[in-house]
Amino acid sequence: MRSETLHMETYVHPKDLMLLPSEEFDQWIGEKIFNGTVEDTLSEECAREYKDCVLMLNDTAMLKRLEDMQFHLAIADGMYMPPCYFAVAERLRLPFVSLFGAAAPWWMGLPALPSFTPAYTSPSTDSMTLKEKLISFLDLVVGHNPVITDFFIGIDRNEVLRHVPHIQGWGDLYSRAQVYLVTVDHLLDWPSLSLPNTIYLPGITLKPPQPLQGEILQIAQSSSNGFIVVTFGSNSAQFPDSVVSQFFAAFERMQQTVIFKISRIPDAVKIPSNVITLPWIPQNDLLGHENAKLFITHCGNNGQHESVFHGVPMVGFPLFLDQFRNAHRMQAKGLGIQMDIKTFTADQLYETVQEVIVRNASYSSNARRLSRILRSRPMLPLEEATHWVEHVLQFGASHLRSVSLDMAWYQMFALDVIGTVMITMLVIVIASLCICKTLCCRSRRKTKTD
């Protein structure tokens, strides 16, 4: 795209609406993580995102400016609980592409079964026990039932749908995406069913590392035993002093240099000589350096894919939402070990790091193997996403669309066919029994008469 064709319209949400990313959100999620109520964050965050959608749809002046720009396509956040951002594109009568880190398979026309599709928030692999399959079934049913979803989040869908009266409901809205770009694939996650308009991508931020510069280059090059990259996104600022102290106590015992992205260091904590603390780090470039030995991470989706891309094993401290699932898949794939941010000790972290990068070579071996597979792709994920966006702009997407998107769930799973066959068989069996009974009764009467 030429720079002179690039226009930007910025939407500023009200200050009292706490959304990611912001300091207020980080403080809120930090409190949730360490007071044991992090499970509540999904519904609360969905409710806030929904309110943001409502405010945008009510902002007629902004919508008019967007209409005047005469866009040809929208790329919308594909969050499906609920998919309210799609309504902005529909309100502008724009075809749109969905971009999200998870799939709503039934609304995407994919006949995913709970027997091999683990729940989005479940720490299960695709080989599940009966109990895990039941949880997966409930997750699929709840996630695709707008009545249950709206009640769970606490929203009134009419606040959004009144702006798009031609839409029949959340399922109808979700099915209108031209293409679904899902930023996780079978390499790090589990194999999933697909249709031509469902594109699974291994993250969206993968790229070759850029040469390090200045002080960070000197640190990386002078680390004779290699270095460890540590980052928890923006959440480390909310870590209690005791948690930061445990990290530093463990790092002090390590032979490697530790590059720790952290913006708040307690006054009482002494920084070990082998630990470099920075408020920001070039994460991808550090992971791509030849001296990178380990990635200690909160298990964000993009960060995990970057680590795999560069063949670096991990130690995971999931904090909220999908990060628990991501940490579990990391461990299940033999790429690292999961730990608990609330209960770990310095000794446990030290021993875990030694296990991953010193004692057990399988973690590094697995990371390098998946890195080779990932690098064998003909395009980087962002290039592939760009290809499909341009494809839709040039050709549309009707040739990619399955009729399953227009089916009710029971039709997609052929339950109507199975039901018809079972009823037919039942009628035949009942009719056969009635005929046999009639013939038997006649035979008995004839015998008595004789």
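No lab work stands behind these numbers, since they all come straight from the coordinates. The shown structure was predicted, so the numbers you read here are calculated from the model rather than taken from an experiment. Because the Cβ atoms are built from the backbone with ideal geometry, glycine has one as well, and the counts that use them run over all protein chains shown.
Look at the alpha carbon pairs under 8 Å that are at least 6 residues apart: their mean separation over the length of the chain gives a relative contact order of 15 percent. For the listed residue pairs 32/131; 32/270; 270/342, the alpha carbons are over 23 angstrom apart in 32/131; 32/270. The C-alpha atoms of the chain define a longest principal axis, and helix 130-143 lies at about 90 degrees to it. Computed from the C-beta positions of residue 332 and residue 418 and an R0 of 41 Å, the FRET efficiency is 0.75 to the nearest 0.05.
Using a 4.7 Å Cβ-Cβ cutoff, the cysteines of the chain lacking any partner cysteine are 46, 299, 434, 436, 440, 441. Here, the range 382-429 has an Rg and a Dmax of 19.3, 59 Å when only alpha carbons are counted. With contacts defined as alpha carbon pairs under 8 Å and 6 or more residues apart, what's the relative contact order of the range 214-375 in percent? It comes to 22 percent, rounded to a whole number. Taking a straight Cα-Cα cut-off under 19 Å and skipping sequence neighbours fewer than 8 places away in the same chain, no aspartates and glutamates fall within cross-link reach of residue 437.
Working from Cα pairs under 8 Å separated by at least six residues, relative contact order for the range 59-185 is 32 percent. On full extension, the segment bounded by residue 156 and residue 142 gains 3.4 nm, given 0.36 nm per residue less the C-alpha separation. Over all distinct Cα-Cα pairs of the chain, the Kirkwood formula returns a hydrodynamic radius of 25.0 Å. Enclosing the Cα atoms of the range 214-375 in their convex hull gives a volume equal to 105 cubic angstrom per residue.
Per residue of the chain, the DSSP helices (runs of n ≥ 4 H) give a summed -39500 (n - 2.57) that works out to -13500 deg cm²/dmol at 222 nm. Can you return the aspartates and glutamates within cross-link range of residue 207? Criterion is Cα-Cα under 18 Å, with same-chain partners fewer than 8 residues away left out. Reachable aspartates and glutamates: 185, 285, 290, 306, 383, 384.
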